[in-house]
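Below you'll find the structure, written out as structure tokens, and then a few comments.
The values are calculated or read from the model by the stated rules, or taken from the named source; none is laboratory data. Not measured: the values here are computed from a predicted model. Using ideal geometry, Cβ is built from the backbone for each residue, glycine included, and neighbour counts are taken over all protein chains shown. Quick note on the areas: whole protein, heavy atoms, side chains included, nothing else; ligands and nucleic acids left out. Shrake-Rupley method; radii C 1.70, N 1.55, O 1.52, S 1.80 Å.
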Amino acid sequence: MTDTAILQVENIRKRFGDAEVLKGISFSLNRGETKVVVGPSGSGKSTLLRCINRLTSPDSGKVLLAEEEVKEANIDSIRSRMGFVFQDFNLFAHLTVLDNIRICQTKVKGVAHDEATQRAYHELERVGLSDRGGAYPAELSGGQQQRVSIARALAMDPVVMLFDEPTSALDPELTGEVVKVMQQLAEEGMTMVVVTHEMSFARQAADEVIFMEGGHIVEQGAPDLLFSRASNERTRAFLNVIA
Ligand code: ADP
Ligand code: MG
């Protein structure tokens, strides 16, 4: 941990019934860093992200955002500073693209309508969809919907962006456009935690890759190191399957 850490995750544990799903997870993220989290299905990746922004309460351990501990009392303020991009987009189906991006700004942050509109167009341009503001989600491809969901998160001016397998619900030909947007964000210095199986993204954009299995971090390191000579046998086996 360094004094520039913007996100600190300290010894997070979470149990569902008899199953301990997170068995003491710690890592920290500096401003502008991208961490990629990989690991087999069921290893606790989604639960970890959900504990970070308190969609799920951890049983023990701490999360600090800009040195402020995340607690029930400040959860709204913390959540508004963490962008969350879900596997299945989570857009409001009855709202246009523009309204999807405006609504959190106006309702959560109290941003004025015109300012929210301006910001929405700015973020739509960033994800290459400035001409689709009037469309409804169902009129867009999955890749476009996911890009809207990213634009919506960016419009909240997040300190950290959390992505939970943002391309895994997409047809393979649509993953590239979403990966490209994430790559661009990483290059622009966004601070991000990205759960993904897109190893090309991990190779190019990650400062560090965390490999999770069975609720533990079993290995972490620079992508080159991890891909070329993972020291853990399970990491190697997993990478051989997906890479
Ligand atoms: P991953 O994202 O790596 O696939 P998850 O974090 O979704 O893993 O799940 C880890 C384990 O926790 C799985 O065994 C899953 O069934 C279990 N789990 C996740 N959420 C819940 C929940 N709300 N209630 C009970 N079990 C859960
Ligand atoms: Mg998951």
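Look at L55 and say whether it is within 11 Å of ligand 1 (Cβ to nearest atom) and under 25 Å from V111 (Cβ atoms). For L55, the condition - within 11 Å of ligand 1 (Cβ to nearest atom) and under 25 Å from V111 (Cβ atoms) - is met. Could you list all residues from segment 40-76 that are within 24 Å of Q184 (Cα to Cα) and either within 16 Å of ligand 2 (Cβ to nearest atom) or small (G, A, S) (or both)? Of everything in segment 40-76, those that are within 24 Å of Q184 (Cα to Cα) and either within 16 Å of ligand 2 (Cβ to nearest atom) or small (G, A, S) (or both) turn out to be K45, S46, L49, I52, N53, A66. Please verify whether P158 is at pLDDT 95 or above, within 16 Å of ligand 1 (Cβ to nearest atom), closer than 24 Å to Y121 by Cβ and not β-branched (V, I, T), treating the condition exactly as stated. Taking the combined requirement at face value, the residue does not satisfy it.
Taken over segment 196-210, residues that are in a strand (DSSP E or B) and crowded, with 24+ Cβ neighbours inside 10 Å amount to 1. The residue of segment 91-124 that is farthest from Q183 (Cα to Cα), among those that are surrounded by fewer than 15 Cβ atoms within 10 Å (Cβ to Cβ) and under 20 Å from the mean Cα position of the chain (by Cα), is V108.
When segment 193-214 is limited to residues that are of a type in the set (D, E) and more than 13 Å from L225 (Cβ to Cβ), the one that is nearest to ligand 1 (Cβ to nearest atom) turns out to be E213. Among the residues of segment 71-90, those that are more than 16 Å from ligand 1 (Cβ to nearest atom) and crowded, with 20+ Cβ neighbours inside 10 Å comprise I78, M82, G83, F89. Checked against the criteria, K62 counts as away from ligand 1 (no atom under 16 Å from the Cβ), open to solvent by 30 Å² or more (accessible area, probe 1.4 Å) and assigned to a strand (DSSP E or B). Candidates in segment 77-126 are the residues that are part of a helix (DSSP H, G or I) and among the acidic types (D, E); of these, the one that is farthest from Q184 (Cα to Cα) is D114.
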